[in-house]
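K.L.:
One structure is given below, represented as structure tokens, and several questions about it will come after.
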Amino acid sequence: MGKLLDDLKARAGIQSVYRETPTGMIEPPDDGPAILFYDIETTPALAWVWSAYKTNAIDIEQPSYLLCFAYQWLGNADIGYVSVRDNPRYKPGSTDDRHVAERLAWAFDRADITVAHNGDRFDVKKANTYFLRNNLEPPSPYQTIDTLKETKREFGHIKNNLDYLATTHGLGSKVRHFGAGLWFDCMDGDPTAWQRMEQYNRRDVDLLRDWYLKIRPWIGRPGKKAHPNLGHWAKGERVCTNCGSDNLIIDGTHRAMVSEWRTFRCLDCGAYSRNRGAVPQKNQEGVRTV
């Protein structure tokens, strides 16, 4: 069956890049879920327009491509970085992003959970587009955490961009640059611009990780949209579903329309979770139910 599947993929032009680790890529930790923080940078598209203000493009001369990405695995201090410039065949002005797309697809395939700011609306869909365009097969299934969605869901900041949030809460700020010109200079192959882009991209992952850890206790509180359950990697032990710690105390009750559950608070990250089984109840006839 495997040979048949490989033949069918080959006929469709689909290539797998997930079996071996590409040179230089950082592997996820061996224990627990593989949680991937990442940030992609793409180029603008080159289009023909009638006007510079609120206009529709007449034609697209050059679609955007995947310029670079930075990434980090939770539990690993190293931040990785990949760009089109790393391709041995790279030449200034080249739009070939396969080198970057393959490595991003590999990271997604290794991840159990991915974390990005505005990831569900932008990063994931853009990444999938570059995978498809380069005839890469879909990465294996993974869950996503979009820190922008979670921030909007639970808080009411004046602005929700990562730079504002991180600065406001004392986590630091993005690397400053001179705007779109940085992207244009990288596209032209300017070494100084590429150096600045790498600093900018890596710093975004730093801020993303710290913002996620700050708001993690607020994600998926009982009765809310759930954080991916890290208890699946706990071998049957009771742990915090948000951070995987076993440092829990019983703290309150979560009640729904019919049932109620005992809730636990994590003394490490502060998140609340609930017992899997509901507290037994009595119906109107005095019979215990669950």
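Every number here is computed from the coordinates shown, using simple stated rules; none is lab data. Keep in mind it's a predicted model, so treat the numbers as computed, not measured. Every residue, glycine among them, receives a Cβ derived from its backbone with ideal geometry; neighbour counts consider all protein chains shown.
K.L.:
In region 128-221, which trypsin sites (Lys or Arg not before Pro) fall in coil by DSSP and have 14 or fewer other Cβ atoms within 10 Å?
P.N.:
Loop-located and lightly packed - Lys159, Arg176.
K.L.:
Across region 213-230, in residue order, what do the Karplus-derived ³J(HN,Hα) couplings come to in whole Hz, using 6.51 cos²θ - 1.76 cosθ + 1.60 with θ = phi - 60° and x for Gly and Pro?
P.N.:
Per residue, the Karplus-derived 3J(HN,Hα) values read 5, 5, 9, 3, x, 8, 7, x, 4, x, x, 10, 4, 7, 6, x, 7, 6 Hz.
K.L.:
Kirkwood Rh over Cα pairs of region 64-115 into Stokes-Einstein at 37 °C, 0.692 mPa s: D in µm²/s?
P.N.:
Value of D from the Cα-based Kirkwood radius: 274 µm²/s.
K.L.:
Per-residue HN-Hα couplings for region 237-250, Karplus 6.51 cos²θ - 1.76 cosθ + 1.60 at θ = phi - 60°, whole Hz, x for Gly and Pro?
P.N.:
7, 6, 9, 5, 6, 8, 10, x, 6, 9, 8, 10, 10, 6
K.L.:
For the chain, what is the calculated [θ] at 222 nm in deg cm²/dmol (nearest 500), taking -39500 (n - 2.57) for each run of four or more DSSP H residues and dividing by its residue count?
P.N.:
After summing the helix terms and dividing by residue count, I get -8500 deg cm²/dmol.
K.L.:
For the cross-link pairs Lys126/Lys152; Lys125/Lys149; Lys125/Lys225, which exceed 18 Å when the distance is taken from alpha carbon to alpha carbon?
P.N.:
Where the Cα-Cα span goes over 18 Å, the pairs concerned are Lys126/Lys152; Lys125/Lys225.
K.L.:
All other residues with a Cβ under 13 Å from the Cβ of Leu171 taken together, and with Lys, Arg as +1 and Asp, Glu as -1, what is their net charge?
P.N.:
Residues close to Leu171 contribute a combined charge of 0.
K.L.:
Relative contact order, percent, of region 139-290 when contacts are C-alpha pairs under 8 Å separated by at least 6 residues?
P.N.:
Once normalised by length, the contact order is 14 percent.
K.L.:
Rounded to whole Hz and in sequence order, give me ³J(HN,Hα) for region 132-137 from the Karplus expression 6.51 cos²θ - 1.76 cosθ + 1.60, θ = phi - 60°, writing x for Gly and Pro.
P.N.:
4, 5, 9, 6, 9, 6
K.L.:
Considering Cα pairs under 8 angstrom that are at least six residues apart, work out the relative contact order of region 88-217 and quote it in whole percent.
P.N.:
25 percent.
K.L.:
Largest first, please: the extent of the C-alpha atoms of region 160-208 along each principal axis, to the nearest Å.
P.N.:
Principal extents (Cα only, largest first): 36, 16, 12 Å.
K.L.:
Restricted to Cα positions, what overall size does the chain have along the principal axes? Three whole-Å values, descending.
P.N.:
Over the chain, Cα extents along the principal axes are 76, 55, 39 Å.
K.L.:
As an exercise, take the mean of 1/r over every pair of distinct alpha carbons in region 150-256, invert it, and state the Kirkwood radius in angstroms.
P.N.:
The Cα-based Kirkwood calculation yields 16.9 Å.
K.L.:
Relative contact order for the chain: what is it in percent, counting Cα pairs under 8 Å that are at least 6 residues apart?
P.N.:
14 percent
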